[in-house]
1. Calculate the FRET efficiency for Met153 and Asn251 from the Cβ-Cβ distance with a Förster distance of 25 Å, rounded to the nearest 0.05.
2. Which whole-number percent gives the relative contact order of segment 76-199, counting Cα pairs below 8 Å spaced six or more residues apart?
3. Sort Met90, Met167, Met153 by Cβ crowding within 10 Å, fewest neighbours at the top.
4. Taking K and R as +1 and D and E as -1, what net charge do the other residues with C-beta under 12 Å from the C-beta of Thr199 add up to?
5. Starting from the Cα gyration tensor of segment 125-285, take the square roots of the eigenvalues, sort them a ≥ b ≥ c, and report rounded, prolate or oblate (rounded when a/c is under 1.5, otherwise prolate if a/b is larger than b/c, else oblate).
6. Could you compute the net charge surrounding Lys119? Neighbours are other residues with a C-beta less than 14 Å from the C-beta of Lys119; K and R count +1, D and E count -1.
7. Sorted by packing (mean other beta-carbon atoms within 10 Å per residue), highest first, where do 44-50, 308-314 land?
8. Considering only DSSP beta bridges with both partners in segment 125-285, what is the antiparallel share in %, to the nearest 5?
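We did not get these values from a lab; they are worked out from the coordinates using the rules stated. These numbers were taken from a predicted model, which means no experiment stands behind them. Virtual Cβ from ideal backbone geometry, glycine too; neighbours counted across all protein chains shown.
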Amino acid sequence: MILSIESSCDDSAIAITEIATCKLLFHKKISQELEHSVYGGVVPELAARLHAEALPKILEECKPYFDKLKAVAVTSSPGLAVTLIEGVTMAKAISVALGIPLIGVNHLVGHIYSLFIEKETHFPLTVLLVSGGHTQVMEVKSLNEISTVAKSMDDSFGESFDKVAKMMGLGYPGGPLIEKLAMSGERKKYNFTIPLMRTPIIAFSYSGLKNAVRLAVENGTQEDYADIAASFEHVATAHIIHKLKKYFLTNPPQSFAIVGGASANLYLRSQIEELLKPHGASLLLSELKYCSDNAAMIGRVAVEMYEKEIFSSLNALDISPKSQL
Ligand code: KG4
Ligand code: ZN
């Protein structure tokens, strides 16, 4: 079995995965949404302190598995430096105490493998990752063959939902709150401009849209918020659809997947389903509970890395907050 730890942002999670079957034997996550909600976003130092409390509590419950562990895996990049270090320090301690190898996992690869929790892998795959930290399209052939073909030049899709929610004083995380509010609004009420429409480059940008929404919020009243949320969600999604459509002209998809916390967004899912129809491409999605950060996805990658004997030495494994794919 492999014990895996996730602490890259505001979720403390530990999983135990059986190597031979990929079966998830244990998974527990303690989220900090409530604690960060009053600030309208994640406060790194507070998150680190909460991980230091939560992770040992969860680990206590894993003790019955200790004598069966063959490796310990941990998210080591990318993420918040002060929170990554909490998980990595714990993983190193477990590695030394139990004399088992250490596996450093890239969080973005973890999101890709959230598709395969308790399942076989399925490649090649075109993947859209939409989370709080990333908006990117990747071509994935295997664990070691992942190439990023488009990414955000500034804010991410999920982050823009968080910021719009903060402008409206709704709390954190903004994604589910804006999605819910948008359901009672009119998508065409505000004519926000779709980002990067005039440039042929295939990339994403959310800072301009965010500022347009800020003006609408400042000039409107609370009664306008549902329409603003709906129009924002529509344009934020239309931007992704527009760029994917362009990308598909030269790279038609066979199998397509959406991963990351914001892949839970139903409007985005429905629009991508429509986009894939003419291509006859299949759409893969993670189970809703594994869209947002979790340790089960880190464990699933770790099984693959364990089989390929991709281990990290105790001294060499360091956190890498900004590492990309
Ligand atoms: O993957 P994740 O849990 O953490 C990161 O790796 O960043 O993603 C969290 C992000 C947050 O920005 C959150 O607002 C967004 O995903 N999110 C959503 C939805 N649910 C979560 N964004 C849009 N619509 C949603 N339903
Ligand atoms: Zn994530």
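1. On the way: r = 20 Å, r/R0 = 0.81.
Approximately 0.80, to the nearest 0.05.
2. Numbers: 123 pairs, mean separation 15.5, N = 124.
Relative contact order here is 12 percent.
3. Values: Met90 23, Met167 18, Met153 13.
Taking fewest neighbouring Cβ atoms as first place, the list is Met153, Met167, Met90.
4. On the way: positive: Arg198, Lys243, Lys246; negative: none.
Result for the local shell: +3.
5. On the way: a/c = 1.88, a/b = 1.84, b/c = 1.02.
Prolate, because a/c is 1.5 or more and a/b exceeds b/c.
6. Values: positive: Lys23, Arg300; negative: Glu18, Glu118, Glu120, Glu287, Glu304.
Charge balance near Lys119 sits at -3.
7. Working: 44-50: 17.3, 308-314: 13.7.
Output ranking for 44-50, 308-314: 44-50, 308-314.
8. Working: 12 of 21 bridges.
In segment 125-285, approximately 55 percent of DSSP beta bridges are antiparallel ones.
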